[in-house]
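The values are calculated or read from the model by the stated rules, or taken from the named source; none is laboratory data. Everything numeric in this text was worked out from a predicted model, so none of it was measured. Neighbour counts are summed over all protein chains in view; Cβ atoms, including those assigned to glycine, are modelled from backbone coordinates with ideal geometry.
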Amino acid sequence: MHRQILITGGAGFVGASLALDLCRSFPDTRITVLDNLHRRGSELNVARLAGAGVRFVHGDVRCREDLWSLPERPELIIECSAEPSAQAGLAGSPEFLIQTNLVGCFHCLELARECKADFLFLSTSRVYPVELLNGLAYREEDSRFVLLDGQGLPGASAEGVSEAFPLEGARSLYGMTKLSGELMTAEYAAAYGLRAVVNRCGLIAGPWQMGKTDQGVVALWMAAHFFRRRLQYIGFGGAGKQVRDILHIGDLCELIRGQVREFGRYSGKVFNVGGGLSGSLSLREMTALCAEITGNRIEIGGSAVDRPADIRIYVTDHRRVTEFSGWRPRRTPRMVLEDLFEWIRAEQDRVGPILGG
């Protein structure tokens, strides 16, 4: 087992959840997280991490010196740091996005090279081109859009999108940085003999996610219902029929825990990781569940105007990782939303100013 694990972006939703899970699962391993606390709400995780025995380092992956001044050399780096919005950079300069996601990944890989550390890269389903995804055949039902079988592209079916889906085309500035990070990871592995794993994650959700309009939509939706705040369906007719599959953070932690435990077996693999077809919801369906769970019905507007980089349907076909490892998501979308509701209710004094505004 790795004796020293570094998680970059480790005070964020995914990074902190992983750190706490790995700390519980591997008590003989020292877990260190590095985070610049840029995203509002990440500061709330510092005390949670310290209470569990996770070491927090206030630093930035954009700054090489912050990584090289860590108190101990990592044996495994889990690269979770990111500006995670598909809308990032579209309204102005993409400098922060590029510096964080691309230069930051390069610095992490350089540290892995010098330390001969294993490298686990958290990538995204956003590496797949928008035009190809929106060109997939579908039908419209009362509450959602549905992918059809017999698609004309490899890696696409009624089950969703697999790793065989083409990568040629524009995807968003955010998706570009993550695909570039994947390519850098593969090249470093080949050039320097590093062991590396890439997980292309879909829509992740769960407690301690500070949802915003451009990222973390499931937490945003539940928070809006809890605090009785207005929402809006945007694009694709403005009826809320666009679909995503939802992966509970606990299911992602279970997968990564297994990858850490048997890193050599997973090394060199790229996996699509998500909730799958059975874990998918449209915005309209999510609204109904949130209203049922909270008892609150809120006003929801509609705009038919599509935003750049938005996608009608994305469902993860996770059969490759399931067949390879036996892992599959266990928590349903209702369970994700119920967990979010219970968390917000328990922590509303602390998270209300962030989620309720």
Subset of segment 136-152 (residues that are closer than 17 Å to Lys241 by Cβ and either modelled with pLDDT under 95 or in a loop (DSSP other than H, G, I, E, B) (or both))
Leu136, Ala137, Glu141, Asp142, Ser143, Arg144, Leu148
Scan of segment 64-101 for residues that are in contact (Cβ under 8 Å) with a residue 60 or more places away in the chain, within 27 Å of Gly264 (Cβ to Cβ) and of a type in the set (A, V, I, L, M), ordered by number
Leu70, Leu76, Ile77, Ile78, Ala82
Residues of segment 47-75 being among the charged types (D, E, K, R), part of a helix (DSSP H, G or I) and more than 13 Å from Gly15 (Cβ to Cβ), in sequence order, are Arg64, Glu65, Asp66
Within segment 25-63, count every residue that is closer than 24 Å to Glu262 by Cα, of a type outside the set (S, T, N, Q) and touching a residue at least 60 places away in the same chain (Cβ under 8 Å).
1
Gly302 among the small types (Gly, Ala, Ser), surrounded by fewer than 19 Cβ atoms within 10 Å (Cβ to Cβ), part of a helix (DSSP H, G or I) and at negative phi:
no
Which numbered condition Ala223 fails, given (1) farther than 20 Å from Val14 by Cβ; (2) in contact with a helix residue (DSSP H, G or I) (Cβ under 6 Å, 6 or more places away or on another chain):
(1)
Given (1) within 15 Å of the chain's Cα centre (by Cα); (2) assigned to a loop (DSSP other than H, G, I, E, B), Ala91 misses just (1)
Collect the residues in segment 95-107 that are buried (at least 18 other Cβ atoms within 10 Å of the Cβ) and over 19 Å from the mean Cα position of the chain (by Cα), keeping them in residue-number order.
His107
Only residues that are within 21 Å of Arg3 (Cβ to Cβ), assigned to a strand (DSSP E or B) and of a type in the set (A, V, I, L, M): list them for segment 97-123, please.
Leu120
Here is a list: Gly274, Gly279, Gly258. Which entry is out of contact with any Asp or Glu (no Cβ under 8 Å at 6 or more places or on another chain), within 29 Å of Ala19 (Cβ to Cβ) and at pLDDT 95 or above?
Gly258
Could you figure out which of (1) closer than 21 Å to Asp245 by Cα; (2) polar (S, T, N, Q); (3) out of contact with any Asp or Glu (no Cβ under 6 Å at 6 or more places or on another chain) isn't true of Gln348?
(1)
